[in-house]
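**Q** First, the structure itself, so that you have it in front of you.
The values are calculated or read from the model by the stated rules, or taken from the named source; none is laboratory data. Because the structure is predicted, anything quoted here is derived from the model rather than measured. Virtual Cβ from ideal backbone geometry, glycine too; neighbours counted across all protein chains shown. Side chains are part of the model used for accessible areas, which takes the heavy atoms of the whole protein and leaves out ligands, DNA and RNA. Shrake-Rupley method; radii C 1.70, N 1.55, O 1.52, S 1.80 Å.
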Amino acid sequence: MSAESISPPAAIWVDLGAIFVSLELSKSTWLATSLSPGSERMSRHWVPGGDLPALLACLGALREKTRAREGRLYRVVVIQEAGLDGFWIHRALEAEGWIASHVVDAASIAVSRRHRQAKTDRIDGETLVRTLMAWMRGEPRVCTMVRVPAVEDEDRRRIGRERKALIEERKRHVNRIKGLLFGVGIRHYEPVRRDRRERLEELRTGDGRPLPTHLKAQLCRELDRLELLDGQIKAVEAERDALCSQAHETSPQAMLTGIKGIGAESANILTSEGLFRQFDNRRQVAAYAGLAPSPWRSGSIDREQGVSKAGNPRLRTTMIQLAWLWLRYQPDAALTRWFHETGKPQRRARSKVAIVALARKLLVALWNYVTAGVVIEESP
């Protein structure tokens, strides 16, 4: 899953009256590391993995213990890393009025750069608690908190992601069929054609023999799987098209579909993976897609490392593909003319750099178009 960054609190909190808790989540156990007011030591508590009532009971016991010691009730602030468990735990904790939950991008937390460093759940839990306290104090860039999407937005992403997974699986079956046939001297059979069954009966090996019995049976089973995947892909695409037809004409997906060169799949990915979010400026848009530059400047060293690739990989891949399609279907657009002027030297490396830059400019232009109605032709 992808992490969506939000800005840390601008004001520094002077009174951090709260119980800070970090969660280390695994399939078997959950470790809760806490630091309470009036205590100088962190405490650790283990609950069975997936047992939400036990976790809430543990947090409630921490709260009651602190009240007995300090004479007042404190709120509980919880932090966890974005991972396999998704966001359901965060939503369940947020539903409790006395718990504030945060999800952090684990890659944004500074760690020791020693060649070998100790790593345990205990060490990670204490690090998360210290990180949470620093973030609550307003220390800049101490970490990147994840902006948890709404349930509807998260569910909408599944259409494009499932379609991509099905297509990748279909490619594996096609390559497996071609590999099996290549081993007996057959090179020009295309499993994706509609007459694949009829052509299978006509195939002869490289030495003129009919297909062996067991090989033919295996190929038929592979074709069964391939046809099942084709049916599932069509079902997913029907869901996508139905969702697009239900969208209002002023919705981002409908506006993107109306642009020449952007199809239903690209519009769905752009909307569900990126443009549904709120961005403050174009730098945030490019950074979220992983298309922001990564300079390396220190002393006399000044060089560019390329794009960061730290953002949403699905959005970045779609934008690179869409940049090439833009050159084909929008030959007279301002961005297309900019690309040809910039990538005029006929060098492959230069073209690769220019197409990434075009993808970044195009993403910003599309964001301006769906949010502010700025015509793409007038975009810089």
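**Q** Mind telling me which of the residues Val370, Val307, Val364, Val356 ends up being touching a strand residue (DSSP E or B) at 6+ places or on another chain (Cβ under 8 Å) and modelled with pLDDT of 90 or more? I'd like the intermediate steps shown before the answer.
**A** Working: Val370 fails: touching a strand residue (DSSP E or B) at 6+ places or on another chain (Cβ under 8 Å); Val307 fails: modelled with pLDDT of 90 or more; Val364 fails: touching a strand residue (DSSP E or B) at 6+ places or on another chain (Cβ under 8 Å).
Result: Val356 is the single residue among Val370, Val307, Val364, Val356 that is touching a strand residue (DSSP E or B) at 6+ places or on another chain (Cβ under 8 Å) and modelled with pLDDT of 90 or more.
**Q** For Gly38, are the conditions met, namely being surrounded by fewer than 14 Cβ atoms within 10 Å (Cβ to Cβ), under 27 Å from Ser108 (Cβ atoms), modelled with pLDDT under 90 and not polar (S, T, N, Q)?
**A** Criteria not met by Gly38.
**Q** Collect the residues in region 153-179 that are among the aliphatic types (A, V, I, L, M) and modelled with pLDDT of 95 or more, keeping them in residue-number order.
**A** Within region 153-179, Ala165, Leu166, Ile167, Val174, Ile177 meet the criteria.
**Q** Going residue by residue through region 200-217, is there one that turns out to be in contact with a strand residue (DSSP E or B) (Cβ under 7 Å, 6 or more places away or on another chain) and either within 24 Å of Glu265 (Cα to Cα) or open to solvent by 70 Å² or more (accessible area, probe 1.4 Å) (or both)?
**A** Yes - at least one qualifying residue is present in region 200-217.
**Q** Another question, then. So how many residues does region 86-107 have that are assigned to a helix (DSSP H, G or I) and either more than 21 Å from Trp135 (Cβ to Cβ) or open to solvent by less than 20 Å² (accessible area, probe 1.4 Å) (or both)? Walk me through how you get there before you give the answer.
**A** Just the residues of region 86-107 that are assigned to a helix (DSSP H, G or I), to begin with: 88-94, 106-107.
Restricting the remaining residues to those that are either more than 21 Å from Trp135 (Cβ to Cβ) or open to solvent by less than 20 Å² (accessible area, probe 1.4 Å) (or both) gives 88-89, 92-93.
Qualifying residue count for the region: 4.
**Q** If you go through region 62-82, how many residues are open to solvent by less than 60 Å² (accessible area, probe 1.4 Å) and free of Cβ contacts under 8 Å to residues at least 60 places away in the same chain?
**A** So the answer is 9.
**Q** Would it be correct to say that Arg225 is in contact with a strand residue (DSSP E or B) (Cβ under 9 Å, 6 or more places away or on another chain) and open to solvent by 70 Å² or more (accessible area, probe 1.4 Å)?
**A** No: the conditions fail for Arg225.
**Q** Among all residue pairs at least 6 apart or on different chains, which show Cβ distances below 8 Å where the first residue, located in region 253-264, is in contact (Cβ under 8 Å) with a residue 60 or more places away in the chain and more than 20 Å from Asp153 (Cα to Cα) and the second is open to solvent by 20 Å² or more (accessible area, probe 1.4 Å) and of a type in the set (S, T, N, Q)?
**A** Close Cβ pairs (under 8 Å, with a partner that is open to solvent by 20 Å² or more (accessible area, probe 1.4 Å) and of a type in the set (S, T, N, Q)) amount to Lys260/Gln330; Gly261/Gln330.
**Q** Now for a separate question. Test Arg91 against the stated conditions and say whether it is modelled with pLDDT of 95 or more and among the basic types (Lys, Arg).
**A** Taking the combined requirement at face value, the residue satisfies it.
**Q** Further question: Are there any helices (runs of 4 or more DSSP H) wholly within region 140-252 with 3 or more residues that are within 30 Å of Gly373 (Cα to Cα) and aromatic (Phe, Trp, Tyr), and if so which?
**A** Result: empty, no element qualifies.
**Q** Determine the pairs where a residue that is more than 17 Å from Gln218 (Cα to Cα), located within region 163-178, has a partner that is open to solvent by 70 Å² or more (accessible area, probe 1.4 Å) and not aromatic (Phe, Trp, Tyr) with Cβ atoms under 6 Å apart, the partner being 6 or more residues away or on another chain.
**A** Leu166/Gln232
**Q** Turning to a different aspect of this structure: Inside region 108-126, can you point out the residues that are part of a helix (DSSP H, G or I), surrounded by 16 or more Cβ atoms within 10 Å (Cβ to Cβ) and not charged (D, E, K, R)?
**A** Residues satisfying the conditions are Ser108, Gly125.
**Q** Within region 293-315, how many residues turn out to be under 20 Å from Arg147 (Cβ atoms) and in contact (Cβ under 8 Å) with a residue 40 or more places away in the chain?
**A** 6
**Q** If you take the residues in region 5-35 that are under 11 Å from Val129 (Cβ atoms) and either modelled with pLDDT under 85 or hydroxyl-bearing (Ser, Thr, Tyr) (or both), which one is surrounded by the most Cβ atoms within 10 Å (Cβ to Cβ)?
**A** Result: Ser22.
**Q** Can you pull out the residues in region 128-167 that are surrounded by 16 or more Cβ atoms within 10 Å (Cβ to Cβ) and in contact with a strand residue (DSSP E or B) (Cβ under 8 Å, 6 or more places away or on another chain)?
**A** Leu128, Val129, Thr131, Leu132, Met133, Trp135, Met136, Cys143, Thr144, Met145, Val146, Val148
**Q** Just to verify a result, which residue in region 248-293, among those that are among the charged types (D, E, K, R) and open to solvent by less than 60 Å² (accessible area, probe 1.4 Å), is nearest to Gly160 (Cα to Cα)?
**A** Glu265
**Q** Can you name every residue in region 294-312 that is open to solvent by 60 Å² or more (accessible area, probe 1.4 Å) and under 19 Å from Ala354 (Cα atoms)?
**A** Pro295, Arg303, Glu304, Gln305, Lys309, listed by residue number.
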